[in-house]
Amino acid sequence: MTGYDATLPRSEADVVIVGGGIAGCALAYHLAMAGTDVLLLERGSINREASGTNAGSFHLQLAIHQLSGKGTAADHDRLLADARLSLEADRLWDKLSGELDGDLGVHRTGGWMVAETEDQLRTLYEKHELEEQAGIETEVVTGAALRSRAPYLAGNLLGATYCPAEGHANPLVVAPLYAKRAQEAGATIATGVEVTGIDRQPDSAGGRFVIRTSGGDLRAHRVVNCAGAWSGRLADMVGLRFPVRSEGLHVNVSERRPRMFEPMIQHIGRRLTLKQTEVGTFIIGGGWPTGTSTHRRYPTLWSSAAGNLAVALDVVPTLADVRIVRTWSGVIVFTDDFSPIVGESEQVPGFFACVASTGFTFSPLLARQLAERMLDPATASGFPQRYSLDRVSH
Amino acid sequence: MHDGERYAVLVVGGGPAGMSAAMTAADAGLRTLLVDERPTLGGQVFKQPGLGFAVTDGRPLGAQWRYGHRMVQRAEGSAVMTAMRTAVIDVEEQRDGWNAVLATDDAHTRTVFASRVILCPGAHDRPIVFPGWTLPGVITAGGLQSLVKTQRFMPGRRMVFAGSGPVALAFPAQLAEFGADIVVALEAGPAPNAADVARLAGAAAGNLDLLIDAARYRAGLLRHRVPLRYRRIIVRAEGDRRVERVVHAAVDADWRPIAGTEETVAADLLCIGYGFAPSLELLRLIGAGFDDDEALGGPTVRRDRWCRTTAARIYAAGDGTGVEGSKVAIDEGVVAGLAAVMDEGSLPEEKAVAAAAPALRRIRRRRALARATARMYHVGRGIYGLADESTVVCRCEEVTAGDLAHVIATTDDISVVKALTRAGMGPCQGRYCSRHISAMIGREHDIALATIAPSTPRMPVRPVPIAAIADRAVTDPGLFTAPSGNP
């Protein structure tokens, strides 16, 4: 399965998907189920990057990373649309274990998002209003009610929103199960194959693209960029510029402890995602950077551990004596304008993409929508203009 | 960013190698910090009695203990600064040196800066997985040695010793001297033959002390009527909630048990001593290059003749670089210490070369002896094949060999195995199970053990409380803030 010197199993395909993360595997699954000829290329192994190294949380509440820093008013329409997308993602996850016929480890633990300052509390109320408009169930809880419902939270917190639908799935099994079902439906998956270039041949009958790979050349009618953190590089191969950057994220893991609380805990103003897993370990992250290094892919950073854990301790003081046993890191893709990149390029017909931040929560949904669009462009609804592949290139 | 403490040299590990490296650096006038997890210097081999014990007569403790005691006293009287009960849990490279995060008991961690770091992490018992290895009453040679050395305590009455290499002779002899009832001592390797004796004689120059020790240990076993049986290996430990019986068998040249040769013996203590394995966590974390030699404990950090690793400004010495014993460790400590002093510009090269020459000469002689014993002390691959399906391999996460085999059938990537089984995710961070899992992968996919990449090394290398790490002075670095110019 590993080894980066694999040869291509075939030399042409209708659709070539680049990237074996959750987006690529989900898309391969939906297309193959509909009978499309699909070949998925993965440089390393399936699910070894962000899709398998994130903490598996469902981020359904509007979160700090969706806010531009100007409050909710400046981005009202985008945030409302995002909240509606969350609702749809929520419904999809509800049925996904059944659809893929496997245990994805979906747990609806509920989720808190806490506020420490008056400003942050105001933001909580604003976002609660937006979520209500979109149909997501959240509530703002303050004062004595918060103390009694969440006695583990620090006494100085001013309030928190609660979203019962939040929770997590097991990131180690989701993409691999999509991949397995895709293969059963006829998709070909080639690992250890790196794409090194894409040539456009608009008038060729054998396919509009020649894809240069470490395992040989390949012809395809359509190419889908599901390369996440590396999607910018892939877009560049056909002359498109994606508004993306990638960052390593630091995560801390503790020893096992008896159950302290069920819900996931996030912070509206500081970087924190905290949860206690089924086995009792605490996973603490939320957007702290990793260093750059040549000898390890994404080294974890002491300063990130120190800063991240300080926030955790401010929010749940009883974590003080819980021991951290390990840290890990993964890479994440950020879009500079907070919107995903999904659909078909107008400038490069036949070139598609499915790239999103918070990809674990949203990629299954976006991949399904993209598959519907690719299978039946006439009837499936299109994507909002802000998702466009060409938005920076124009 | 460090907390204001700066050193020219940081030495990690207070055993023979660390003490000698630190004294070499400090004697040359360099500001030197020596860090060790234990309350006293000396490491495992020169381990001093625990707190609350006072030695009134050093004679019964043996020549090795007395030698170590003198070395500890010399280190304590030197200019070396020490931080005891302190673990280095992370190191991060800086432009002109390294930051090291120090954890002392449960106090808040502190970060110190050092221009150069000498890693002398020592070794631990080579972890061996066999049915019953997690039963109470099974103990490693190092663990039992610690109990005896620091607490004067023997946790059983009838003991079986199973092991190989120099330890298999020395350790039962020492324990018999201490009063242990050793039912049988099993050595997986072969008895010395005429050719071995000739080779030993050829390598005797400069090594007489070790050979005399070996002869004394053998005589001790005879005196205490401890049967020493060659070419036999532990097969399993049995009993109801603790060791009651030990099953052993004859092995072939690669240490695979031979069917029909099993014998069962009643015992309540099983001591396991199949040699030692280097402690690699920090060496892995700095990204050092490795070679592999099972006779030296498995992965061995790659170094030049000055004990420089492939990582800038990092040196390594002692059993943590390949297990060769305390004498080599002391000499390597001198060489690494001199190298750090020379590289800091505090000693001209020709003087460093002259100063290191005696130590390098002694190391060469020891290695000649190691070559002479290679046939007897060869570690067979069968050592990693003793588990059956239901044997727990990762005891932190309770993952069995069967669970692992199921996943290993589909991948040769240890990180994937870890992710799918949780093996190696517990507090010991895979110290116990990772070599065994690598060997399983090697067998299943027909890959040499030496070429199987370990899972990604991660800090902290010891578990540390959240309150000891948390630091409010570190603020959000703003990863999620869009670059300027965007909405």
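The values are calculated or read from the model by the stated rules, or taken from the named source; none is laboratory data. What you are looking at is a predicted structure, and each value in this text was computed from that prediction instead of being measured. FYI the Cβ positions are ideal-geometry reconstructions off the backbone, even for glycines, and counts take in every protein chain you see. These accessible areas exclude ligands, DNA and RNA; they are computed on the full protein's heavy atoms, side chains included. Shrake-Rupley method; radii C 1.70, N 1.55, O 1.52, S 1.80 Å.
Would you mind telling me the antiparallel percentage of the DSSP bridges in chain A, rounded to 5? Intermediate values should be presented prior to the final figure.
Numbers: 48 of 69 bridges.
Just about 70 percent of them are antiparallel.
I need the Kirkwood Rh of region A:196-246: take the reciprocal of the average 1/r across all distinct C-alpha pairs and report it in angstrom.
Details: mean 1/r = 0.0864 Å⁻¹.
Over region A:196-246, the inverse of the mean reciprocal pair distance is 11.6 Å.
What distance in nm separates the simple spin-label points at A:Glu346 and B:Ser390, each placed 7 Å from Cα in the Cβ direction?
6.8
Of B:Tyr67, B:Tyr274, which has the most accessible area and how do the rest follow, probe 1.4 Å?
Details: B:Tyr67 95, B:Tyr274 0 Å².
The most accessible residue leads, giving B:Tyr67, B:Tyr274.
What are the radius of gyration and Dmax of region A:239-394, computed over its Cα atoms and given in Å?
Both quantities, over Cα of region A:239-394: 19.4, 59 Å.
FRET efficiency for A:Asp336 and B:Asp446, Cβ-Cβ distance as r, R0 = 41 Å, nearest 0.05?
Numbers: r = 48 Å, r/R0 = 1.16.
Using R0 = 41 Å, I get an efficiency of 0.30.
Provide the percentage of antiparallel DSSP beta bridges, counting only those with both residues in the protein assembly as shown; round to the nearest 5.
Working: 84 of 139 bridges.
Antiparallel bridges: around 60 percent, rounded to the nearest 5.
In nm, give the distance between the simple-model label positions of B:His108 and B:Arg229, each being 7 Å from the Cα along the Cα-to-Cβ direction.
So the label points at B:His108 and B:Arg229 sit 5.9 nm apart.
Under 4.7 Å Cβ to Cβ, no partner at all: give me those cysteines from chain B, in residue order.
Cys with no partner Cβ under 4.7 Å: B:Cys120, B:Cys271, B:Cys307, B:Cys396, B:Cys428.
Past the 26 angstrom mark, what percentage of all C-alpha to C-alpha distances in chain A do you count? Don't skip to the answer; put the middle values down first.
Numbers: 40732 of 77421 pairs.
Here the long-distance tail beyond 26 Å is 53 percent of all Cα pairs in chain A.
So the label point goes 7 Å from the Cα of B:Arg365 along Cα→C-beta, right? Which residues of region B:202-230 then have their backbone N under 19 Å from it?
B:202-216
Taking amide H atoms as placed 1.01 Å from N in the peptide plane, list the residues 5 or more away in sequence, or in a different chain, whose amide H sits under 5 Å from that of B:Val184.
Residues meeting the criterion, in which the H sits 1.01 Å from N, are B:Phe161.
Report, for chain B, the % of DSSP beta bridges that are antiparallel, rounded to 5.
Numbers: 34 of 68 bridges.
So the antiparallel bridges in chain B amount to around 50 percent.
Which one of A:Gly215, A:Gly228, A:Gly248 is farthest out on the positive end of the charge dipole of region A:204-256, using unit charges on Cβ (Lys, Arg +1; Asp, Glu -1) and the Cα centre as origin?
Of the listed residues, the answer is A:Gly215.
How many angstrom lie between the Cα centre of region A:19-36 and the Cα centre of region A:200-258?
Computed from Cα coordinates, the inter-centre distance equals 14 Å.
Over chain B, what is the relative contact order in percent, taking alpha-carbon pairs closer than 8 angstrom and at least six residues apart? List each step's numbers first, then the result.
Numbers: 996 pairs, mean separation 85.1, N = 487.
Contact order relative to length: 17 percent.
I'd like the distance between the alpha-carbon centres of region A:112-127 and region B:258-272, rounded to an integer number of Å.
66
Restricting things to alpha carbons, tell me how big region A:32-158 is in terms of Rg and Dmax, in Å.
Taking only Cα atoms of region A:32-158, I get Rg and Dmax of 18.5, 59 Å.
Pop the C-beta distance of B:Arg95 and A:Asp321 into the FRET formula with R0 = 45 Å and round what comes out to the nearest 0.05.
0.80
Checking buried surface per residue: for region A:330-356, which residues lose a minimum of 40 Å² accessible area in the protein assembly relative to the chain alone (1.4 Å probe)?
Output list: A:Phe334, A:Asp336, A:Phe338.
Hey, got the dipole for the protein assembly as shown? About the Cα centre, +1 on K and R Cβ, -1 on D and E Cβ, debye to the nearest 20? Before the final figure, lay out the partial values.
Details: 93 positive and 97 negative charges, 722 e Å.
That gives a dipole near 3460 debye.
Given the Cα-Cα distance of B:Met154 and B:Arg472 and 0.36 nm per residue of separation, how much length would full extension add, in nm?
Working: separation 318, 0.36 × 318 = 114.48 nm, distance 4.72 nm.
Between B:Met154 and B:Arg472, full extension yields an extra 109.8 nm.
Sort A:281-291, B:131-141 for me by packing, meaning the mean count of neighbouring Cβ atoms within 10 Å per residue, highest on top.
Working: A:281-291: 23.5, B:131-141: 19.5.
Packing proxy ranking, top to bottom: A:281-291, B:131-141.
Could you give the semi-axes, largest first, of the ellipsoid that matches region B:294-359, computed as the square roots of 5 times the alpha carbon gyration tensor eigenvalues and rounded to whole Å? Write out the running numbers ahead of the final one.
Values: eigenvalues 97, 37, 12 Å².
For region B:294-359, the semi-axes come out at 22, 14, 8 Å.
Take the Cα coordinates of region A:154-282, assign each an equal point scatterer, and use the Debye formula without solvent to give log10 I(q)/I(0) at q = 0.19, 0.20 Å⁻¹.
For the requested q values the scattering log ratios are -1.20, -1.27.
Could you give the dipole magnitude of region A:109-206 about its Cα centre, charging the beta-carbon of Lys and Arg +1 and that of Asp and Glu -1, in debye to the nearest 20? Before the final figure, lay out each step's value.
Numbers: 7 positive and 14 negative charges, 85 e Å.
Dipole about the Cα centre, nearest 20: 400 debye.
Starting from 0 in steps of 10 Å, tell me what percent of the Cα-Cα pairs of region B:85-142 lands in each bin.
Per 10 Å bin, starting at zero, the Cα-Cα P(r) for region B:85-142 comes out as 18, 31, 23, 20, 7 percent.
From the phi angles alone, apply the Karplus equation (6.51, -1.76, 1.60; θ = phi - 60°) to region B:306-314 and give each ³J(HN,Hα) in whole Hz, x where the residue is Gly or Pro.
Coupling constants for region B:306-314: 9, 6, 7, 7, 7, 8, 4, 6, 10 Hz.
Can you figure out the FRET efficiency of A:Glu99 with B:Met81, using R₀ = 60 Å and their beta-carbon distance, to the nearest 0.05? Can you show the working numbers first?
Details: r = 63 Å, r/R0 = 1.05.
Using R0 = 60 Å, I get an efficiency of 0.45.
Chain pair B, A: how much accessible area is buried, both chains summed, with a 1.4 Å probe, in Å² to 100?
Details: alone 22650 and 16470 Å², together 34800 Å².
Buried area (both sides, nearest 100 Å²): 4300 Å².
Would you mind putting B:299-306, B:436-443, A:92-99, B:120-127 in packing order, based on average other-beta-carbon counts within 10 Å, highest first? Present the calculation step by step, with values, prior to reporting the outcome.
Numbers: B:299-306: 18.5, B:436-443: 22.2, A:92-99: 15.1, B:120-127: 25.4.
Per-residue mean Cβ counts within 10 Å order the peptides as B:120-127, B:436-443, B:299-306, A:92-99.
Write down the Å³ per residue value for the convex hull defined by the alpha carbon atoms of chain B. Please report the intermediate quantities before stating the final value.
Numbers: hull volume 86.4 nm³, N = 487.
Looking at chain B, the number lands at 177 Å³ per residue.
Using θ = phi - 60° and the Karplus form 6.51 cos²θ - 1.76 cosθ + 1.60, what ³J(HN,Hα) does each residue of region A:238-255 get, whole Hz, x for Gly and Pro?
Result, ordered by residue: 10, x, 9, 10, 8, x, 10, 9, 10, 9, x, 10, 9, 10, 10, 10, 9, 5 Hz.
Give the average, rounded to an integer, of partner chain Cβ atoms located within 10 angstrom of each Cβ in B:419-430.
Numbers: counts 8, 3, 0, 3, 0, 1, 6, 5, 6, 1, 2, 1.
What the average comes to for B:419-430 is 3.
Could you tell me which of the pairs A:Lys95/A:Lys275; A:Lys180/A:Lys275; B:Lys327/B:Lys351; A:Lys95/B:Lys418; A:Lys95/A:Lys127 are separated by over 32 angstrom between their Cα atoms in the structure shown?
On the way: A:Lys95/A:Lys275 23 Å; A:Lys180/A:Lys275 29 Å; B:Lys327/B:Lys351 23 Å; A:Lys95/B:Lys418 28 Å; A:Lys95/A:Lys127 27 Å.
Those over the limit do not exist; all pairs fall within it.
What nm distance separates the two modelled labels at A:Asp217 and B:Asp27, each placed 7 Å from Cα along Cα→Cβ?
The modelled label-to-label distance comes out at 6.9 nm.
In whole Å, largest first, what are the principal axis extents of the Cα atoms in the protein assembly as shown?
Computed over the protein assembly as shown, the largest-to-smallest principal extents equal 92, 62, 58 Å.
Which percent of the accessible heavy-atom area of region B:362-422 goes to carbon and sulfur, probe 1.4 angstrom?
On the way: 1420 of 2870 Å².
Answer for region B:362-422 is 49 percent, counting heavy atoms of protein chains only.
Just subtract the alpha-carbon distance of A:Glu137 and A:Arg91 from 0.36 nm times their residue separation and send over the number in nm, one decimal. Don't skip to the answer; put the middle values down first.
Working: separation 46, 0.36 × 46 = 16.56 nm, distance 1.27 nm.
The span from A:Glu137 to A:Arg91 would gain 15.3 nm if fully extended.
Roll a 1.4 angstrom probe over the protein heavy atoms and tell me the percent of accessible area of region B:80-171 that is carbon or sulfur.
Values: 1640 of 3130 Å².
Carbon plus sulfur share of accessible area: 52 percent.
Report, in whole Å, the centroid distance computed from the Cα atoms of region B:8-29 and region A:301-341.
With region B:8-29 and region A:301-341 each reduced to a Cα centre, they are spaced 36 Å.
What does the helix-only formula give at 222 nm for chain B: each DSSP H stretch with n ≥ 4 adding -39500 (n - 2.57), the total divided by the residues, and the result rounded to the nearest 500 deg cm²/dmol? Walk me through the intermediate numbers first.
Working: 14 runs with 153 residues, N = 487.
So the calculated ellipticity at 222 nm is -9500 deg cm²/dmol.
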